[in-house]
Amino acid sequence: VSGPNIRKVTVLGAGLMGHGIAQVCAQTAGYDVTLLDVKQEFVDRGMSMIRDSLAKFVAKGGLEKGKADEILSRIHPTLDLRAAVEKSQLVIEAATEDPKLKLDLYRKVSEHLPPDAILASNTSSISITLLGSATKNPENVVGMHFFNPPQLMPLIEVIRGAKTSDATVEAVRVAAKQMGKETVLCKKDSPGFIVNRILLPALTEAALLVSEGVATPEDIDKAVTLGLSWPMGPLKLLDYVGLDTALGISEVFMQEFQDSKYRPSPLIRQMVRAGLLGRKSGKGFYEWGSPSSTKSSSGK
Ligand code: 3HC
């Protein structure tokens, strides 16, 4: 694959998405990866999720143990943002879906990022143009939206912000190919891009069916898996991606589109308040057992 010579990549956020993105960068693209978070326990948990996932590939026979160790040795956990960012050709941000937190992070990263390095966001719904506005080189800021679990899902949505250059778009499409992913291009920076614009209203409706007492969560999921051939029903998927993440996306939709059809489900809001976030907290619409191995605190 031709394109920019990406060797060193930093992933910001070691949570549910960040750890998987770091793994794909090291495992499939062969990049040297730095995985950064704000607390040691978060990077430790991210590394432990990567170890678990690599062990699954080894157990399935798709990866040799020696190769898994080699992949792991290419992923360097750190808390030092400056040291990580200033040597990278590509930084992929997978921090919590909070606009204020992200803007602060982009300002900080921009201070240390080489002027020709690319800053890609895995945001699910926040404006790439807005994130770019917090940096010195908005032409190098782009959306690179992965799907959960990044190790298995074959798509990356590439999103062009108002100032993103053609060269940046091309560079991340090449990088995505090196990661073994297919891409689609969102020509405009529109909330939720393609997939979440379609998915979130469906997830909200599923939660409304529960709160209206129309059917049980189990039957709603059974209906959609058997009736529509989704690999997971919408309520299990809500648990899987995190109710807090889904609520965050609905809130951005409400604010950006100013259209009540995107109003978040009150049940999801209530569950988030109660800490019932799904897989990451151990309980959501379903029981998931101990939260320790999959919980993400600072990262998505
Ligand atoms: N790493 C490595 N292997 C993994 C893995 C991981 N993180 N997670 C699962 N696997 C492997 C398992 O070992 C298993 O292997 P096997 O078939 O050889 O035994 C295989 O994948 C299937 O896993 P499971 O048996 O645990 O469960 P499923 O059969 O249900 O598959 C799934 C899991 C691939 C996640 C599937 O259920 C699925 O595709 N679900 C839908 C996911 C989806 O829609 N994602 C998009 C969410 S939206 C999003 O991310 C956008 C955001 O902005 C909100």
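The values are calculated or read from the model by the stated rules, or taken from the named source; none is laboratory data. Since we're looking at a predicted model, the values are computed, not measured. Glycine also receives a Cβ, built like all others from the backbone with ideal geometry; neighbour counts cover every protein chain displayed.
So which helices (runs of 4 or more DSSP H) are wholly in region 200-266 and hold at least 1 residues that are in contact (Cβ under 8 Å) with a residue 12 or more places away in the chain and touching a strand residue (DSSP E or B) at 6+ places or on another chain (Cβ under 6 Å)?
Values: elements: 217-228, 234-241, 243-257.
Counting at least 1 such residues, we get 234-241, 243-257.
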Please name all residue pairs, on different chains or six or more residues apart, with Cβ atoms under 6 Å, provided the first residue is in region 16-34 and is assigned to a loop (DSSP other than H, G, I, E, B) and the second residue is more than 14 Å from the ligand (Cβ to nearest atom).
THR28/MET179; ALA29/GLN178; ALA29/MET179; TYR31/VAL9; TYR31/CYS25
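With respect to SER190, determine if the residue is away from the ligand (no atom under 14 Å from the Cβ), within 30 Å of GLU170 (Cβ to Cβ) and part of a loop (DSSP other than H, G, I, E, B). Before you say what the answer is, go through the steps one by one.
Working: away from the ligand (no atom under 14 Å from the Cβ): yes; within 30 Å of GLU170 (Cβ to Cβ): yes; part of a loop (DSSP other than H, G, I, E, B): yes.
Yes.
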Of the numbered conditions (1) away from the ligand (no atom under 16 Å from the Cβ); (2) under 17 Å from ASP32 (Cβ atoms); (3) without any contact (Cβ under 8 Å) to a residue 60 or more places away in the chain; (4) in contact with a helix residue (DSSP H, G or I) (Cβ under 8 Å, 6 or more places away or on another chain), ALA83 satisfies every one except a single condition; which is it?
(4)
If a residue has to be more than 16 Å from the ligand (Cβ to nearest atom) and touching a Leu at 6+ places or on another chain (Cβ under 7 Å) to count, how many in region 135-159 make the cut?
3
Output for Cβ contacts, cut-off 6 Å, separation at least six or different chains, first residue within 17 Å of GLY132 (Cβ to Cβ) in region 155-182, second in a helix (DSSP H, G or I) and hydrophobic (A, V, I, L, M, F, W, C), reads VAL158/VAL172; ILE159/ILE128; ARG160/VAL169; GLY161/ILE128
Quick one: in region 120-131, of everything that is surrounded by fewer than 24 Cβ atoms within 10 Å (Cβ to Cβ) and either of a type in the set (A, V, I, L, M) or more than 22 Å from LEU200 (Cβ to Cβ) (or both), which residue is farthest from the ligand (Cβ to nearest atom)?
LEU130
Note down all Cβ pairs under 9 Å where the first residue falls in region 132-154 and is under 15 Å from ASN122 (Cβ atoms) and modelled with pLDDT under 95, the second is more than 6 Å from the ligand (Cβ to nearest atom) and not in a loop (DSSP other than H, G, I, E, B), and they're at least six residues apart or on different chains.
ASN148/GLY20; ASN148/TYR240
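To keep it simple, each residue is scored yes or no on (1) crowded, with 23+ Cβ neighbours inside 10 Å; (2) near the ligand (Cβ under 9 Å from one of its atoms).
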| site | (1), (2) |
| --- | --- |
| ALA22 | yes, no |
| THR28 | no, no |
| LEU35 | yes, no |
| PHE42 | yes, no |
| ALA55 | no, yes |
| ALA59 | no, yes |
| LEU63 | no, no |
| LEU72 | no, no |
Only one of (1) among the charged types (D, E, K, R); (2) in contact with a helix residue (DSSP H, G or I) (Cβ under 8 Å, 6 or more places away or on another chain); (3) under 23 Å from ALA83 (Cα atoms) is not met by ARG107, so which one is it?
(2)
When LYS67 is evaluated against the numbered criteria (1) in contact with a helix residue (DSSP H, G or I) (Cβ under 8 Å, 6 or more places away or on another chain); (2) modelled with pLDDT of 95 or more; (3) surrounded by fewer than 16 Cβ atoms within 10 Å (Cβ to Cβ), which criterion, by number, is the only one it fails?
(1)
Hey, among ASP219, ASP259, ASP244, ASP239, which residue is touching a Phe, Trp or Tyr at 6+ places or on another chain (Cβ under 9 Å) and within 21 Å of LYS283 (Cα to Cα)?
ASP239
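Please pick out the residue among LEU208, LEU238 that is farther than 19 Å from LEU119 by Cα and touching a helix residue (DSSP H, G or I) at 6+ places or on another chain (Cβ under 7 Å).
Working: LEU208 fails: touching a helix residue (DSSP H, G or I) at 6+ places or on another chain (Cβ under 7 Å).
Of LEU208, LEU238, the one residue that is farther than 19 Å from LEU119 by Cα and touching a helix residue (DSSP H, G or I) at 6+ places or on another chain (Cβ under 7 Å) is LEU238.
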